[in-house]
1. Considering the convex hull of the alpha carbon atoms of region 1-88, report its projected area averaged over all viewing directions, in nm², one decimal.
2. Would you mind computing Rg(Cα) / (2.2 N^0.38 Å) for region 86-170, counting N as its residues?
3. Amide H of Arg153 versus every other amide H placed in the peptide plane: which residues, excluding those fewer than 5 positions away on the same chain, fall under 5 Å?
4. So what J values fall out for region 154-170 if you push phi through Karplus, 6.51 cos²θ - 1.76 cosθ + 1.60 with θ = phi - 60°, rounded to Hz, Gly and Pro as x?
5. Based on the alpha-carbon gyration tensor of region 1-47, what equivalent-ellipsoid semi-axes (square roots of 5 times the eigenvalues) come out, in whole Å, largest first?
6. Using a Förster distance of 30 Å, how high is the FRET efficiency between Ser125 and Glu95, based on the Cβ-Cβ distance and rounded to 0.05?
7. Counting DSSP beta bridges with both partners in the chain, what percentage is antiparallel, nearest 5?
8. On the principal axes of its Cα set, how long, how wide and how thick is the chain? Give whole Å, largest value first.
Amino acid sequence: MSKKIAVLVTDLFEDVEYTDPAKAFEEEGHTLTKIDVKTGEVTGKQGETTLTIDKAIADVKPEDFDALFLPGGFSPDILRADDQVIAFTKSFMDEGKPVMAICHGPQLLINAETLKGRDVTGFKSIAIDLKNAGANFHDKEVVVCGNQLVTSRTPDDMEAFVRESVNVLK
């Protein structure tokens, strides 16, 4: 069954952390909506990918989507300064909807205060932040918590991240 996936993304996202999962999700029949604070174009950290933002955060509601995808790079750190983005993120976790976050993507989950007692991984530089948020940090290529939350560390873990994300979306 195809899912509507919200993607929170802004400038300086890690290119491959968006492009590889997005391609896999679309191949599975899912629809992605790219959401930022405002519409326009955003460019990846490597400068290889430019995305057109489909919707501004003020124009979407969590109930319009089945799942949430959080690519890494500097994008999550920039986005977590916006209260609407945090509230949007929090609702997916509170509702038990699938959430897929790679690398620095879990920074949005830290600010949404939704990681207490959850098993997660993320980029090495945010491990202490994840622990301080109450998460059980695991230095593994992919961690699936409660058949809801999928996290990975880096682009090197992409194959496992995509595989487990696709499984959770089924």
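Throughout, read-outs are computed from the coordinates displayed, never taken from laboratory work. Everything numeric in this text was worked out from a predicted model, so none of it was measured. All Cβ positions, glycine included, derive from the backbone under ideal geometry; neighbour counts span all protein chains shown.
1. The number I arrive at for region 1-88 is 5.1 nm².
2. Expressed relative to 2.2 N^0.38 Å, the Cα Rg reads 0.96.
3. Cys103
4. Calculated HN-Hα couplings, in order: 8, x, 4, 9, 4, 4, 5, 4, 5, 4, 6, 5, 4, 4, 5, 6, 6 Hz.
5. They are 20, 14, 6 Å, listed from largest to smallest.
6. With R0 = 30 Å, the Cβ-Cβ based efficiency is 0.55.
7. If we restrict to bridges inside the chain, about 30 percent are antiparallel.
8. Projected onto the principal axes, the Cα atoms of the chain cover 36, 33, 32 Å.
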